[in-house]
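To keep things clear, I will list the structure first and then write my remarks on it.
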Amino acid sequence: MDELLTTRQLQEFLKVDRITVYRMLYDGRLKGIKVGNQWRFQKEVIERILDETPTIPRAEGSGNIQDFPSDCIIKVQQLFAGLLGIGAVIVSLQGEALHEPHYSNPFCRAMLKNPKTCEKCRNSWKEIADIDNRHAEFLTCHAGLRYLKVPLMIDGKASAWFIAGQYRLEKTISKDMELYLNVLAGAVKLSAMKMRGVYDSVPVLGDFQRKQVLEWTPKVALTIQTILQERKQVMDRLQQISELSRIERTLAD
């Protein structure tokens, strides 16, 4: 029968704390066996994971973010976006989306479905990512929608941007925007009236909602940042253990 490790033994083996072990359990990075009220872990399975841990390449421009996205991060974003009724997306430092935006409104969904307008949206993310703003402020995309971006720091360095947005701050639409909506309507093959209808579906934030976005976007970004930092530390540790195991086997041979 395989040797079973207690939670404490696994902590010592991986050099992580108890909270990290439980988080790894719940987001699927670890598999355990419940014996009564206690968790047990098959040593053979843990060793196999370590043995199969590859050298993790880092995407150019992605900082120290590794193995992204993870289910727990996606769930955090979905909860945040759903509660505030806005969109959320994480992009690289160059503005490349690392996942599909959550809770896009009908207008943004229409934009993202069409290759031409989707490219405009992605270019807007790149422009937003490139803006060197040190303070919380609302930024604007090609369609006049507003966004708030917060850096995700890994090892003290900005590694990606958390962007909350796809909302409007004003109910009125300028004449220039009406003309631009007609251009977008032609690109996605919608009538001008239909396009105006989907644009009107974009949420308009009142003062209280703006304060919520300004207050909660940095808090959610910090939560995601903590998860990414923890994931990196665990992956680095697994990499070290895996390399040491290979060295030990080579010396033994």
**Report entry** Those residues of the range 137-158 whose amide nitrogen sits under 20 Å from the label point placed on L98, 7 Å along Cα→Cβ
**Finding:** 147-158
Requested in this report: Can you tell me the FRET efficiency between L25 and W216 if r is taken as the Cβ-Cβ distance and R0 is 22 Å, rounded to the nearest 0.05?
Outcome: 0.20
Query - Cross-link pairs beyond the 20 Å C-alpha cut-off, checked among K175/K211; K120/K157; K75/K126; K75/K219; K149/K211 - result: K175/K211; K120/K157; K75/K126
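Bear in mind that the values in this text are calculations on the coordinates, not laboratory data. Note that the coordinates shown come from a computational prediction; the quantities given were computed from them, not determined experimentally. Methodologically, a virtual Cβ is constructed for each residue, glycine included, from the backbone with ideal geometry; neighbour enumeration extends over all protein chains shown.
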